[in-house]
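First comes the structure, then the notes that go with it.
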Amino acid sequence: MLRSNYKIFEERREFFLNNLNGKAAIIPSASLVRHHADCEYPFRQDSNFWYLTGFDEPDSVALFLSQNPEGERFILFVTPKHIIQEVWHGFRWGIEGAEKEFKADKAHSIHDLEKLLPKYIKGSDEIVFSVGKNPSIEKIVLDIFASEIEGLSRHGTGANGIKSPDIYLNEMRLIKSDFEIKRMREAAEISARAHELVRQSISSKTNERQIQGLLEGFFLEQGARGPAYNSIVASGDNACILHYTLNNAELNKDELLLVDAGCSLNDYYNGDITRTIPIGGRFTQEQKVIYEIVLEAQKTAINEAIIGSNASNIHNIALRILVEGLKSIGLLRGDTDGIIEDGSYKHLYMHRTGHWLGLDVHDVGAYRMGEHDVSLQKGMILTVEPGIYISDRIPVPQGQPKIDEKWKGIGIRIEDDVLVTENEPEILSSAALKEISDLEF
Ligand code: GLY
Ligand code: MN
Ligand code: MN
């Protein structure tokens, strides 16, 4: 809990409230999610709720009233303190804590939400609420909206629409502040060091699960909350399953190991790194050729993560190098533009080359606005992660060469976390080595 940094949340709220311009925003927290019987998954706060409040409890609602420039503008509805419940489930800040520690102008019990919300919404032009995500809060909001609409038709006053909070928050979250960049550096650094630990201890490991344990144990040891997403520890052909998370196969010395893993810090900033290493310490000729193509594509694409460029440029640059490389070894044939145009490379490379990274691993923010790509700006953080996956799961498109057995089972991705700066791109995850000479032993 970032009590000492409450100013950061205050500044975000101020900016958000100024942009709301007469609207009332209702942002619910996450709830605990049942795993089985009466056991739950570890709690994961909703990223928008966290971004604006720094409050890390489930079953809460933040209310922002921009129509009240002088009055109460930030209201928190929280679970009240309860001695017995806290003995079972842990500490709660309660109503008083929400006001004192989290600077709510006013806090209430979450049990009073339905009763108090209509009064608070009065006087707002529109409601800002994310429809389709939280059925129980949504019911309350829609009931209020229905009576506001009725008021509008009878008396000429009332909120006359519901807007998504994404309109206001995505753009804010897409550009990282100095504080956020510092935290993202820390998340990337811990994640990169975990990958280094894997590289250095691979020779003593015999199963994917041990690697997962090593990574995730390191995240926890370093004070992170845990993995940012389900760690992918995929040896050999498993690496051709993009979201492989079984992580329980035996390791073979002549195969590669693809590890896609990153930590999530206590305040939810995330790393997302992929490295592919030779389990036995030596690449085979085929593995090395593919690795070199992916590495060249990745390094060249990273150089394009500069102000004024965009995610499509990064993808297109990487894709062209992958296609040219695959042509040079006979795994694709034909005119490069034609292959890219008709997608006949997609049995070997079937995903985009990166995504925004922040409080969400696939962070918020548009990549395109209608016809136009969103230009990269200073403070944006994105992943650059080309790969090649050679298996016979996807049929070879007509006109493309049949895949020789010697290539099958090679799956390689290389992924770094990159900050757009005024100068060159800063690779936040550079502590995880990726040159062939670093990976062989
Ligand atoms: N680990 C998820 C991704 O790379 O996008
Ligand atoms: Mn990624
Ligand atoms: Mn990843």
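Taking into account only those residues within the range 235-249 that are assigned to a loop (DSSP other than H, G, I, E, B) and within 15 Å of ligand 3 (Cβ to nearest atom), which is surrounded by the fewest Cβ atoms within 10 Å (Cβ to Cβ)?
Kept after step one, since they are assigned to a loop (DSSP other than H, G, I, E, B), are these residues of the range 235-249: 241-249.
Right, trim to within 15 Å of ligand 3 (Cβ to nearest atom) and you get 241-245, 247.
Numbers: I241: 16, L242: 15, H243: 9, Y244: 20, T245: 16, N247: 21.
This residue is H243.
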Handout entry: Count of residues meeting criterion [under 20 Å from I144 (Cβ atoms) and touching a residue at least 60 places away in the same chain (Cβ under 8 Å)] in the range 22-47
Key = 7
Practice task
Considering each of R282, R209, R183 in turn, give the residue that is out of contact with any Cys (no Cβ under 6 Å at 6 or more places or on another chain) and surrounded by 18 or more Cβ atoms within 10 Å (Cβ to Cβ).
Solution key: R183
Fill in the blank from the handout: Every listed condition ((1) in contact with an Asp or Glu (Cβ under 9 Å, 6 or more places away or on another chain); (2) surrounded by 20 or more Cβ atoms within 10 Å (Cβ to Cβ); (3) of a type outside the set (V, I, T); (4) outside any strand (DSSP E or B)) holds for E57 save (1)
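Let's see how each residue does on (1) part of a strand (DSSP E or B); (2) within 16 Å of ligand 1 (Cβ to nearest atom); (3) on the phi < 0 side of the Ramachandran plot:
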| site | (1), (2), (3) |
| --- | --- |
| I307 | no, no, yes |
| N316 | no, no, yes |
| L319 | no, no, yes |
| L332 | no, no, yes |
| H351 | no, yes, yes |
| V361 | no, yes, yes |
| T383 | yes, yes, yes |
| P395 | no, no, yes |
Problem - All positions within the range 123-134 that are surrounded by fewer than 16 Cβ atoms within 10 Å (Cβ to Cβ) and either assigned to a helix (DSSP H, G or I) or at pLDDT below 95 (or both) - result: G123
Exercise for the section: Kindly establish whether L152 is within 16 Å of ligand 1 (Cβ to nearest atom), part of a helix (DSSP H, G or I) and either touching a Pro at 6+ places or on another chain (Cβ under 9 Å) or of a type in the set (A, V, I, L, M, F, W, C) (or both). Expected result: no
Handout entry: Residue that is surrounded by the most Cβ atoms within 10 Å (Cβ to Cβ) [pool: residues in the range 353-392 that are away from ligand 2 (no atom under 16 Å from the Cβ) and among the polar types (S, T, N, Q)]
Key = S391
Practice task
Please work out if Q67 is modelled with pLDDT under 95, buried (at least 17 other Cβ atoms within 10 Å of the Cβ) and out of contact with any Pro (no Cβ under 6 Å at 6 or more places or on another chain).
Solution key: yes
Fill in the blank from the handout: Considering residues that are assigned to a loop (DSSP other than H, G, I, E, B), within 16 Å of ligand 3 (Cβ to nearest atom) and of a type in the set (V, I, T), the number found within the range 398-441 is 1
Handout entry: Qualifying residues in the range 399-441 (those that are among the charged types (D, E, K, R) and within 19 Å of the chain's Cα centre (by Cα)) - the one surrounded by the fewest Cβ atoms within 10 Å (Cβ to Cβ)
Key = E426
Handout entry: Conditions (1) modelled with pLDDT of 95 or more; (2) part of a helix (DSSP H, G or I); (3) aromatic (F, W, Y): number failed by F43
Key = (2)
Problem - Candidates M172, M184, filtered to the one that is under 16 Å from V364 (Cβ atoms) and in contact with a helix residue (DSSP H, G or I) (Cβ under 7 Å, 6 or more places away or on another chain) - result: M172
Fill in the blank from the handout: Conditions (1) more than 30 Å from I403 (Cα to Cα); (2) within 16 Å of ligand 3 (Cβ to nearest atom); (3) exposed (fewer than 15 other Cβ atoms within 10 Å of the Cβ) -> M350 fails only (1)
Completion exercise
Inside the range 198-234, the number of residues satisfying the requirement of being outside any helix (DSSP H, G or I) and within 29 Å of Y269 (Cβ to Cβ) is 14
Handout entry: Out of A311, A301, sole residue that is touching a Ser or Thr at 6+ places or on another chain (Cβ under 7 Å) and at pLDDT 95 or above
Key = A301
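Tell me the residue from G281, G330 that is over 15 Å from V418 (Cα atoms) and out of contact with any helix residue (DSSP H, G or I) (no Cβ under 7 Å at 6 or more places or on another chain), please.
Sole residue among the options that is over 15 Å from V418 (Cα atoms) and out of contact with any helix residue (DSSP H, G or I) (no Cβ under 7 Å at 6 or more places or on another chain): G330.
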Completion exercise
Residue pairs qualifying under the 6 Å Cβ cut-off, at least six apart or on distinct chains, with the first in the range 246-265 being of a type in the set (S, T, Y) and the second being crowded, with 24+ Cβ neighbours inside 10 Å and assigned to a strand (DSSP E or B), are S264/N270
Exercise for the section: Could you please let me know if S391 is among the small types (G, A, S) and under 22 Å from I306 (Cα atoms)? Expected result: no
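The values are calculated or read from the model by the stated rules, or taken from the named source; none is laboratory data. Fair warning: this is a prediction, and the values are worked out from it, not measured in the lab. In this analysis, Cβ positions are derived from the backbone assuming ideal geometry, glycine residues included, and neighbour counts consider all displayed protein chains.
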